[in-house]
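Trainee: Sharing a structure here in structure tokens format.
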Amino acid sequence: MQEKRWVSIASSIKGAIRRGELHAGARIASETEMATQWNVSPMTVHRALTELQREGWVVRRRKIGTVVADRSAMPATKVALIFTNHADLPQGAYAAGIEENLGDGLQLVPLSTHGSAVEEAKCLERAVAECSAIICYPTGAPENTALMKKAAAAKPLLLIDCMPEGIEADVVMTDNFGSMLMGLQHLRALGHTRIAYFMEFPHLVSSVRERFAGYQQFMKQEIGVDDPERWVRRFSCSMSWEQYCGRVETVLAELLSEDQPITAIACQQDAVMAALLEACVQLGVSVPEDLAILSFNDMPPRMQPLAHSVHRLVQRPIEMGAMVAKRIQQRLNSPQIAPQQMRLMTDLYPAVAHITSDTARQFRAARQAQQKETPSPQ
């Protein structure tokens, strides 16, 4: 459902105030100016400013116009935002969705774990002591389960992206199982039945386990493979990137050399996909013509080489962030309500076969001609 225009205008002004781009006392553009800027009617702008005034974001002054209100005296309810790194993806997108939809009077307190169980424990202890609610992108470390339970008992706790075992808390995450099934069904519709699965280990978080479970069920029930493990390959997270890529290349060469070679590979996540694409380049395997690749794609396509050639299951982190913000507001307003799990399917973007451009053809032809004219060194 498309957001109403006045809501978009109000949200944009709130965001500018939160980021400090508009400070207390700063004049807001006139309704006529904003109507032109947003290409809407003055009544739409009037509705947005009226709502902002009602919520205490702006005040209207005679002969001056609308200015940003001084909210410094208003007490803020602190909400801890415990992420591995707030600049990483998809966590940065989660944070954007949360910030954009966070209610009035709520202040995010960013805390970073850097993927460390020890740092996560420190962040949880601080959040319980200082904040009224906690949003956490968990590391999945089993040693923090007791502390996570303690936090959930003390404050509204919302986990995003994965669900550690034994924790009674709200959870907003991708439907990893259902999305993997959707992607594999897409591969089957294209004629693929010999589908391998490339994954990392160890895997502590529930999202990874659910993706693998989706692959196992699909291969057993829909393809009829008695032992899906025959095409499962695991790669250690502790290897260097050079070792990792080398191992993926070796495994791919082995699988493609069998009497009945695989025709497709499902990847647990982007890191596996990136190494697999590099292996395909080294082995001269064309994607998707010679080999179809399906991957859970949690990074923008522009940041991945050859991503257009991969069938991508793309998560919806900004929408998930919005769900997190709304749920935290509900829990703060009604602490007695029971925790619940909320899941969101990915979007599926099919691979696009590479089409050689006129520029590429001309460049190759010119280069080949140049190489023929250049005498080889003696």
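The values are calculated or read from the model by the stated rules, or taken from the named source; none is laboratory data. Everything quoted here is computed from the prediction, not taken from an experiment. Positions of Cβ are backbone-derived with ideal geometry, glycine not excepted, and every protein chain shown enters the neighbour counts. Surface areas here come from the heavy atoms of the whole protein model, side chains and all, with no ligands, DNA or RNA. Shrake-Rupley method; radii C 1.70, N 1.55, O 1.52, S 1.80 Å.
Trainee: Which entry is the computed percent of Cα pairs over 29 Å apart for this structure: (i) 51; (ii) 63; (iii) 55?
Mentor: Matching the structure shown: (iii).
Trainee: Mind checking the per residue accessible area of the chain for me, 1.4 Å probe, whole number of Å²?
Mentor: That works out to 52 Å² for each residue.
Trainee: With label points built 7 Å along Cα→Cβ from the Cα atoms of GLU55 and GLN260, find their separation and express it in nm.
Mentor: The modelled label-to-label distance comes out at 5.9 nm.
Trainee: Which pairs break 29 Å Cα to Cα here: LYS149/LYS326; LYS78/LYS150; LYS78/LYS122; LYS14/LYS149; LYS14/LYS78?
Mentor: Listed pairs above 29 Å: LYS14/LYS149.
Trainee: Please state the shape class of the range 160-207: rounded when a/c is under 1.5, otherwise prolate if a/b exceeds b/c and oblate if not, all from the C-alpha gyration tensor.
Mentor: In terms of gyration-tensor shape, oblate.
Trainee: Determine, from the Cβ-Cβ distance of ALA129 and ALA16 and an R0 of 35 Å, the FRET efficiency 1/(1 + (r/R0)^6), rounded to the nearest 0.05.
Mentor: For ALA129 and ALA16, the calculated efficiency is 0.65.
Trainee: Can you tell me which of 196-203, 180-187 comes out highest on packing, and rank the rest after it, using the mean Cβ neighbours within 10 Å?
Mentor: In descending order of packing, they fall as 180-187, 196-203.
Trainee: Compare the peptides 225-234, 248-257, 119-128 by average per-residue count of other Cβ atoms within 10 angstrom and give them in order, highest first.
Mentor: Answer by packing, highest mean first, reads 119-128, 248-257, 225-234.
Trainee: What distance in nm separates the simple spin-label points at PHE201 and SER334, each placed 7 Å from Cα in the Cβ direction?
Mentor: 4.5
Trainee: At a 1.4 Å probe, what is the % contribution of carbon and sulfur to the accessible area of the range 16-117?
Mentor: The value for the range 16-117 is 51 percent carbon and sulfur by accessible area.
Trainee: Just from its helices, what would the mean residue ellipticity at 222 nm be for the chain, if runs of 4 or more DSSP H residues each count -39500 (n - 2.57) and the sum is divided by every residue, rounded to the nearest 500 deg cm²/dmol?
Mentor: One gets -13500 deg cm²/dmol as the mean residue ellipticity at 222 nm.
Trainee: Still on this structure, I have one more. Which of rounded, prolate, oblate describes the range 77-180, given a ≥ b ≥ c as roots of the alpha-carbon gyration tensor eigenvalues and a/c under 1.5 marking rounded, otherwise prolate only if a/b is larger than b/c?
Mentor: rounded
Trainee: What does the extension gain come out to for SER238 and LEU190, with contour length at 0.36 nm per residue minus their alpha carbon separation?
Mentor: Gain on stretching SER238 to LEU190: 13.8 nm.
Trainee: Please sort 277-283, 189-195 by packing, taking for each peptide the average over its residues of neighbouring beta carbons within 10 angstrom, highest first.
Mentor: In decreasing order of mean packing, 277-283, 189-195 become 277-283, 189-195.
Trainee: Oh, and also: Given charges of +1 on the Cβ of Lys and Arg and -1 on the Cβ of Asp and Glu, with all other atoms neutral, how large is the dipole of the range 130-278 about its Cα centre, in debye to the nearest 20?
Mentor: 220
Trainee: So, one more: Keeping the other protein chains in place, figure out the carbon and sulfur percent of the accessible area of the range 314-353, with a 1.4 Å probe.
Mentor: 54
Trainee: Taking 0.36 nm per intervening residue step and subtracting the Cα-Cα distance, what contour gain separates ALA360 from GLU289 on full extension?
Mentor: Taking 0.36 nm per residue and subtracting the Cα distance, the gain is 23.7 nm.
Trainee: Please label the shape of the range 155-276 as rounded, prolate or oblate, based on the square roots a ≥ b ≥ c of the eigenvalues of the alpha-carbon gyration tensor (a/c under 1.5 means rounded; beyond that, a/b larger than b/c means prolate, else oblate).
Mentor: Verdict is oblate for the range 155-276.
Trainee: Whole Å is fine, so just give me how far the alpha carbon centre of the range 141-175 lies from that of the range 248-300.
Mentor: Centre-to-centre (Cα) distance: 34 Å.
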